[in-house]
1. Identify all residues within segment A:30-48 that are out of contact with any helix residue (DSSP H, G or I) (no Cβ under 6 Å at 6 or more places or on another chain) and in contact (Cβ under 8 Å) with a residue 40 or more places away in the chain; write none if there are none.
2. Report, ordered by the first and then the second residue, all pairs with beta carbons closer than 9 Å, sequence separation of six or more or different chains, a first member in segment A:186-211 that is assigned by TED's automatic domain parsing to the domain that holds A:ILE246, and a second member that is assigned to a loop (DSSP other than H, G, I, E, B) and of a type in the set (Asp, Glu).
3. Restricting to segment B:101-131, count the residues that are more than 7 Å from chain A (Cβ to nearest Cβ) and either over 19 Å from the mean Cα position of the chain (by Cα) or without any contact (Cβ under 8 Å) to a residue 40 or more places away in the chain (or both).
4. Can you tell me which of A:PHE242, A:PHE253 is part of a helix (DSSP H, G or I), crowded, with 16+ Cβ neighbours inside 10 Å and within 17 Å of the chain's Cα centre (by Cα)?
5. Look through segment A:108-127, keep the residues that are in contact with a helix residue (DSSP H, G or I) (Cβ under 7 Å, 6 or more places away or on another chain) and buried (at least 20 other Cβ atoms within 10 Å of the Cβ), and return whichever of them is nearest to A:THR18 (Cα to Cα).
6. If you go through segment A:86-97 one residue at a time, do you hit one that is touching a residue at least 12 places away in the same chain (Cβ under 8 Å), under 26 Å from A:GLY44 (Cβ atoms) and of a type outside the set (A, V, I, L, M)?
7. Being within 16 Å of A:LEU22 (Cβ to Cβ) and of a type in the set (S, T, N, Q) is the filter here; which residues of segment A:226-260 pass it?
Amino acid sequence: MNNIWLGSLSELSAIRITGLLLSIGVMLDCAEMWTVRRVYAPDGMFSWEGHRLDCADRHHFVAGLLDSMFRRYPFSYLILIEFASAVAVVVFRGRYSAYLIAVIIFVRLLSIVRNGHDGSEGADHMLLLLLSCLVLYPIAPGATARRVVFWFICAETLLAYVTAGVVKLRNRRWREGTALQYILATTLFGHNFVRQAVSQLPGTGRAICWGVILFECTSPFVVLTGYKGCLLFVFVGLCFHFAIAIVQGLNLFVWVFLATYPALLITARDVSHWLRS
Amino acid sequence: MISVFVVCALALFFICSVLAQCSRILGPDHRKAIPAGWKRLLLDGNQLWNRWRAIPVFTFFSYVPDREIWLLFRDRLCNQDLTPWKTVEYECNTVWKCFWNPDRRRQKAVMDLTGALLNFMVKQEELSLSSIVSSRSFARLITYTKGLPRTRLTAERQFMIAATPISTGDQTVRILFISPMSPIFAGPHNE
């Protein structure tokens, strides 16, 4: 018997859910950047003065244009434009969302030019990728092309999980189960309480390490075996990303990877249709 | 026509994504086993055709840190006295940071920039202070440390990168780099 909820998830709903989750993620990110906007000031961590060394001599016209723009206008303007666009995506419910998302992409690309990749994380890359897909979706004229956008999101998501899983599998500390102790001991990505709990319960570290490796490496098999496997994956994935956000403070990952799950569900449904037929 | 373009563009991007992951998945151990032509494409791809990091590489926490890197700074005051080294602190993770973590980019950037500066020094065949000082990571770190709170007596500031081992019980601090003193020009002081 088909799962009712999964069977009723239309393409349009899936793309709207993805857009909504990404918009929330962008709003959160902008609000956080606004709170610490001091670091984007001329004497801050992300000052344009510090980064322009990289861009200075490459393309004179573009460099000159960017230089005058970033010197003249504070970075907080870009944060405000991005935040307003994300709010508008939610408010207008898809009416102008492709244009608004294109604005968000443009602002994020400018931010990369201005601030570089320092301080960015995997979630930023995935966010940009998903936003581009949301712009492509309405442009794609045929039903097949639109479907391919979902398959692409699914493929990139699974590639992300598998790559992370395989590289972990190749790492001795992950296989031995000591990796977690090392990561949790760092100030930036660690958590004292969790580290002590893991060290006091024998075998926990090893179990978690192998659990993460298995979750990541087996993701394509679980998702592409059909909707039940995909629902299981989505549930475990939700727990996984929330746990990472709680322990390591990587809150943007939650919104971005959650936003890929509607595409996983759509693709899983297509795969199970193919398998049945 | 547009449909074909969209499908081809996405397929091409996905193929590039798979190739970009190869350099991380295969790693240096398999370098010898790969034919020379493929080596450049697969292993060095991220330095060649993915220099701008348009194609993401996903290795979330796959590399386990064995040391913690610290950024410290100290001042030379107007009377030539040196202040003690102060550590640029990271905030410890709490459950609340699951919802609100505004400082994460700054903290990650400190880690990225110190790592980039150390890598830069390792890769230089002839290491000189002038090449280090002209590097982007140095410029950003000195700009950042000079912007940190100071007294009105502060005349110059320098930073240090130090490392402590993780989980071995060894608390030895290794000093990896000390920057030259950099003058603080007149401006608002914070303390």
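1. A:ALA31
2. That search, which allows pairs on different chains as well, returns A:THR187/B:GLU89; A:THR187/B:GLU91.
3. 13
4. After applying the criteria, what remains is A:PHE253.
5. Filtering first and then ranking leaves A:LEU127.
6. No, segment A:86-97 has no match at all.
7. A:ASN251, A:THR260
Yes/no per residue for (1) over 30 Å from A:ALA143 (Cα atoms); (2) surrounded by fewer than 22 Cβ atoms within 10 Å (Cβ to Cβ); (3) within 13 Å of chain B (Cβ to nearest Cβ):
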| residue | (1), (2), (3) |
| --- | --- |
| A:ALA179 | yes, no, yes |
| A:GLY190 | yes, no, yes |
| A:PHE193 | yes, yes, yes |
| A:PHE215 | yes, yes, yes |
| A:SER219 | no, no, yes |
| A:PRO262 | no, no, no |
| A:LEU265 | no, no, no |
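The values are calculated or read from the model by the stated rules, or taken from the named source; none is laboratory data. Quantities reported herein were computed from a predicted structural model and do not represent experimental measurements. No Cβ is skipped: glycine too gets one built from the backbone with ideal geometry, and neighbour counts run over all protein chains shown.
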